[in-house]
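*Asks:* This is the structure I have questions about; it appears just below.
The values are calculated or read from the model by the stated rules, or taken from the named source; none is laboratory data. None of these values were measured; they are calculated from a predicted model. As a convention, Cβ positions derive from the backbone with ideal geometry for all residues, glycine included, and neighbour counts pool all protein chains shown.
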Amino acid sequence: MAGNGIEDISYRVWIGTILTAVLATIAVVLRFVSRYIVKAGLWWDDWVIVVSLIVNWGMAITRWIQIFKFHLGEHVYDITEYDIVGYQKSFLAIQLIYFTNASLTKSSLLLLYRRIFGIVRPFRIALAISWFLVLGWFVACVIASIAGCRPVEYFWTRFEAPREAAPAGGSCFNEVAFFRWNGIANMLLDILMLVLPLPMVWRMKMSRRRRMLLTGVFLMGGFVCVVSLLRIVSFNVSDRGDPTYTQVPSSTWSSVEQGIGIVCACLPTLRPLRQLWGSHRRITSRSSRSSSNPESKRSSRSGSARGRGSAEERARDLEHGHEAQAQMGMVMGSRRWGDEARVASLPAEFFRGSVEDILNARGDRRSSREDGHGHGYGDGEEGEDEGDINSNSGATGCLSEHGLY
């Protein structure tokens, strides 16, 4: 309750906006940390989500202005005409910010999918169609928001008349129905964003367990669909005759939805953080074992002595192996990495099996490139068999690059 017996529920907006804006900011920061860990580099999907975060903060600040200046959270009969008119003007701005925020978040997800699976042409076509659906939703909602009242200024001037009767000379469509149906369309687009990469995941050559893991990573964004549903339900209590009070639930869920949407768009990129945490735990465990074991220093000194002995033995081997070294140099410099005859001609004691492993690995990579028709991954180029992701290791390589594989 506000002072003087005035009912005020603006605290709900405070909680929703601050909590989700902070969570969204943390998610974006961790996304950039993950990119640094796996050395994946930054691309359009990363920069678009940053713009979406900035717009999200703009929406939160506009909400706070509505609370401070126009008394959002209080009944219209407890505030002045100036307050309600100002609130209506700011609410029109909020709608445009909301549609922009949602479209940017979805675009970032589509760009992420393009970055990972863009090597397959049919999937690129599906991404383009999905983006045009998002763009169409954005354009339609913006036009409807602005042209919903005729003339446009009637959106706020209708509250300048006495409360008992609206002024003549203007009209508006059913705004609550518009909010509800654009929310349903938005939720359907969110579902599309969720299921879009799943056919690509299940066509890849990997174990069922890994496919299930990747499916779970991409489906973690499903929470935003739950929030979207709660937002749609909240319109049931909206009354355009008392917007500053009855629209608090929908305003709160709208802000929560967009903040959670940014978090969910970042979740697929955060898996490399597990590597950082695992490395920290291993280092901590190793250091604790070393400090608690007094024999470790003596073992280290004896190991150093053995290392010096091994180095002397290797030096003697090298003194008698200059010819073998020259032959290995020819093999290493040759493009014929699969020539087993040259490898077999080298003395085994010279490279102790490591070169064979290198050459075999190189040969495997060459075969993989031949199977993929010479294309790399992550560059958006398609192979000859673009409809079958199993014919090209590009998507798997890109998953590894992003820490998802």
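*Asks:* List the number of the failed condition for THR157; all other conditions in (1) without any contact (Cβ under 8 Å) to a residue 60 or more places away in the chain; (2) among the polar types (S, T, N, Q); (3) over 30 Å from GLY221 (Cα atoms) hold.
*Replies:* (1)
*Asks:* Given the residues MET187, MET200, MET206, which is the only one that is in a loop (DSSP other than H, G, I, E, B) and surrounded by 13 or more Cβ atoms within 10 Å (Cβ to Cβ)?
*Replies:* From the options MET187, MET200, MET206, the qualifying one is MET206.
*Asks:* For segment 225-248, check the following and say yes or no: at least one residue is at pLDDT below 90, more than 19 Å from the chain's Cα centre (by Cα) and closer than 26 Å to TRP57 by Cβ.
*Replies:* Yes, there is a match, as at least one residue in segment 225-248 is at pLDDT below 90, more than 19 Å from the chain's Cα centre (by Cα) and closer than 26 Å to TRP57 by Cβ.
*Asks:* Also, quick follow-up: Against the conditions (1) more than 25 Å from TYR87 (Cα to Cα); (2) out of contact with any Phe, Trp or Tyr (no Cβ under 7 Å at 6 or more places or on another chain); (3) buried (at least 21 other Cβ atoms within 10 Å of the Cβ), where does LEU192 fall short? Just the number, please.
*Replies:* It fails just one condition, (3).
*Asks:* Give the number of residues within segment 40-72 that are over 33 Å from the mean Cα position of the chain (by Cα) and surrounded by 16 or more Cβ atoms within 10 Å (Cβ to Cβ).
*Replies:* Summing the residues that are over 33 Å from the mean Cα position of the chain (by Cα) and surrounded by 16 or more Cβ atoms within 10 Å (Cβ to Cβ) in segment 40-72 gives 2.
*Asks:* Right, here's the next one. Suppose we filter segment 65-80 for residues that are touching a residue at least 40 places away in the same chain (Cβ under 8 Å) and either part of a loop (DSSP other than H, G, I, E, B) or outside the structural domain of THR246 (by TED's automatic domain parsing) (or both); how many remain?
*Replies:* Within segment 65-80, residues that are touching a residue at least 40 places away in the same chain (Cβ under 8 Å) and either part of a loop (DSSP other than H, G, I, E, B) or outside the structural domain of THR246 (by TED's automatic domain parsing) (or both) number 6.
*Asks:* Scan ARG114, ARG158 and give me the residue that is surrounded by fewer than 22 Cβ atoms within 10 Å (Cβ to Cβ) and touching a Pro at 6+ places or on another chain (Cβ under 8 Å).
*Replies:* Unique residue meeting the criteria: ARG158.
*Asks:* Please tell me if ILE37 is assigned to a helix (DSSP H, G or I) and either modelled with pLDDT of 95 or more or basic (Lys, Arg) (or both).
*Replies:* No, not satisfied.
*Asks:* Still on this structure, I have one more. Looking at segment 122-148, I want the residues that are under 21 Å from LYS89 (Cβ atoms) and in the same structural domain as LEU192 (by TED's automatic domain parsing) and have a partner that is surrounded by 18 or more Cβ atoms within 10 Å (Cβ to Cβ) and of a type in the set (Asp, Glu) with Cβ atoms under 7 Å, at least 6 apart or on another chain. Which pairs are those?
*Replies:* Within 7 Å, the pairs are GLY148/GLU175.
*Asks:* May I ask you to list the residues in segment 71-105 that are among the aliphatic types (A, V, I, L, M) and farther than 18 Å from LEU135 by Cα?
*Replies:* LEU72, VAL76, ILE79, ILE84, VAL85, LEU92, ALA93, ILE94
*Asks:* Within segment 94-110, is there a residue that is under 22 Å from ARG31 (Cβ atoms), without any contact (Cβ under 8 Å) to a residue 40 or more places away in the chain, crowded, with 17+ Cβ neighbours inside 10 Å and not acidic (Asp, Glu)?
*Replies:* Scanning segment 94-110 turns up at least one residue that is under 22 Å from ARG31 (Cβ atoms), without any contact (Cβ under 8 Å) to a residue 40 or more places away in the chain, crowded, with 17+ Cβ neighbours inside 10 Å and not acidic (Asp, Glu).
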